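The values are calculated or read from the model by the stated rules, or taken from the named source; none is laboratory data. The shown structure was predicted, so the numbers you read here are calculated from the model rather than taken from an experiment. So basically every Cβ, Gly included, is an ideal-geometry build from the backbone, and we count neighbours across all protein chains shown. Keep in mind that these areas ignore ligands, DNA and RNA; they rest on the heavy atoms of the full protein, side chains included. Shrake-Rupley method; radii C 1.70, N 1.55, O 1.52, S 1.80 Å.
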Amino acid sequence: MTTTPASLTGQVLLPTDDGYDDARSVWNAMVDRRPRLIVRCGTVNDVVNAVRYARDHDLEIGVRCGGHSVLGLAVPADGLMIDLTPMGGVTVDPRTRRAVVQGGALLGALDRAAQEHGLATTAGNVSHTGVGGLTLGGGMGWLARQYGLSCDNVESYQVVTADGAVVTASRHEHPELFWGLRGGGGNFGIVTAFEFRLHPVGTRALLASYLFDPADAVAVLEGWRDLSAAAPRQATFQASVGTSGMVDVGFVWIGDPAEGRRLTADFAGLGRARGESVRELSYLELQTIDDAVDGHHFRRYWKGLYLDRFPADAAAAFAARGDADPALRPAMSLQAYGGAIQDVPDDEAAYGQRGTLFELVAAARWDDDAEDGDRMAAARSAVAPLSAYSSGMYLNTLSDEGAAGVRRAFPAAKLSRLVALKRTYDPNNIFHLNQNIAP
């Protein structure tokens, strides 16, 4: 193809065009696929025309927002990449506490617009993540224990379906589609706008972190687990183990830092910390604090699980990070669930794991492509011993598990309902470059 098809609108990029390589580059540097063409969509009509063109020409469709899929699912080899990033606008109504977010917006844009009014909604922890991908898979963030997951805060979705129609999905219009979009991923169409509820959270936060020796890891993690179980909803407990082997436990508090500081006394009972940090920061600073670590241009692989219990053996496995060469082992992290996440009745949304205790992620990051196989094997070995304590998997942290991973993300009854929904809205599975629910 050397000319732009007349039926396509928006900015069309061919492999020989300036900007093509930048547009196909995504978060994981392992991904180096070349679409036949990229359509950078500025309007809903651009998306409609791109979907119809791809369908009529039997081209695979990849959809890019933030491009944070570890598999690089936004980039179809010799297919049509629909790039939503030009549709990055956010409009906030502080009176109704609503935000209308275009399908290509990043989390940082949503946070900044809402925080001008002291408002926010549940969003992820890295500001250059796409709102769309995060929300469609469920959407965990520091506000989830207070206000539910990202998908729990969506009032309506504007969707371009597989046949090129534009529909609104809400509790009152296309309610079954609305149900499926709340945690079922990008299987049912391309969301070009979200309407979110916002909450008056203020602009302040507190981040507490305590470092302990590896020899104390199990006892510290058990104590941290017990503190988490009693924590108020404004606190989200987190723990991690990195390449040093040191155990980092603590919490994030959204709201008045003075109230959050009351929790810090409890951490003295965990033992003698090698280091500690209790830091007040703005909510926007909190939301960007991991941006550099989780930035682009690194090779990446991860494995994730939902844990429904965390006994001593699980704590030991978490601290060990597998049995590979220590230099190759991934960083391990835990984030507490509960609170408002569990308040939502299970049948209200496709999201299938509301009983989760902690989300576990083993994340590897490296530069040398010669290490690819070893790094991925090390991540798998780090997570494998913790499967015995797992209740399922999070759609947004699935990597190469395929259909088996999708089955672990949803209870059987929900998966059957999602399959039926897929048959209704995408019977030919043209939206299959995702964690796919086959019709």
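Looking only at region 244-287, residues that are surrounded by fewer than 18 Cβ atoms within 10 Å (Cβ to Cβ), polar (S, T, N, Q) and under 24 Å from the mean Cα position of the chain (by Cα) come to 1 in all.
Only a single item in (1) of a type outside the set (A, V, I, L, M); (2) under 11 Å from the mean Cα position of the chain (by Cα); (3) farther than 22 Å from Ala340 by Cβ is not met by Gly104, and it is number (2). For region 103-110, the criterion of being at pLDDT below 95, open to solvent by 10 Å² or more (accessible area, probe 1.4 Å) and either under 18 Å from Gln287 (Cα atoms) or touching a helix residue (DSSP H, G or I) at 6+ places or on another chain (Cβ under 6 Å) (or both) is satisfied by no residue at all.
Any idea how many residues of region 129-152 are closer than 16 Å to Gly103 by Cα, open to solvent by 10 Å² or more (accessible area, probe 1.4 Å), in contact with a strand residue (DSSP E or B) (Cβ under 9 Å, 6 or more places away or on another chain) and part of a helix (DSSP H, G or I)? I'd like the intermediate steps shown before the answer.
Filtering region 129-152 for residues closer than 16 Å to Gly103 by Cα gives 129-139, 150-151.
With open to solvent by 10 Å² or more (accessible area, probe 1.4 Å) added as a condition, the list becomes 129, 133-134, 136.
Next, from what is left, pick out any that are in contact with a strand residue (DSSP E or B) (Cβ under 9 Å, 6 or more places away or on another chain): 129, 133, 136.
Still in the list and also part of a helix (DSSP H, G or I): 133, 136.
Result for region 129-152: 2.
The condition (being closer than 14 Å to Thr85 by Cα, touching a helix residue (DSSP H, G or I) at 6+ places or on another chain (Cβ under 7 Å), modelled with pLDDT of 95 or more and of a type in the set (A, V, I, L, M)) is satisfied by just one residue among Val63, Val39: Val39. Checked against (1) out of contact with any Ser or Thr (no Cβ under 9 Å at 6 or more places or on another chain); (2) more than 30 Å from Val241 (Cβ to Cβ); (3) open to solvent by 10 Å² or more (accessible area, probe 1.4 Å); (4) not aliphatic (A, V, I, L, M), Gly164 passes all but a single condition, namely (3).
Does Leu395 satisfy the condition of being under 21 Å from Gln435 (Cβ atoms) and either at pLDDT 95 or above or open to solvent by less than 10 Å² (accessible area, probe 1.4 Å) (or both)? Judged against the criteria, Leu395 is a match. All but one of (1) farther than 30 Å from Val47 by Cβ; (2) at pLDDT 95 or above; (3) open to solvent by 10 Å² or more (accessible area, probe 1.4 Å) hold for Trp224; state the number of the condition that does not hold. Condition not satisfied by Trp224: (3).
Out of Glu155, Glu176, I need the residue that is open to solvent by 20 Å² or more (accessible area, probe 1.4 Å), farther than 20 Å from Gly355 by Cβ and in contact with a Lys or Arg (Cβ under 7 Å, 6 or more places away or on another chain). Which one? Going through Glu155, Glu176 in turn, just one is open to solvent by 20 Å² or more (accessible area, probe 1.4 Å), farther than 20 Å from Gly355 by Cβ and in contact with a Lys or Arg (Cβ under 7 Å, 6 or more places away or on another chain): Glu155.
Of the strands (runs of 3 or more DSSP E) entirely within region 331-402, those holding at least 3 residues that are closer than 27 Å to Val31 by Cβ occupy 331-336, 358-366.
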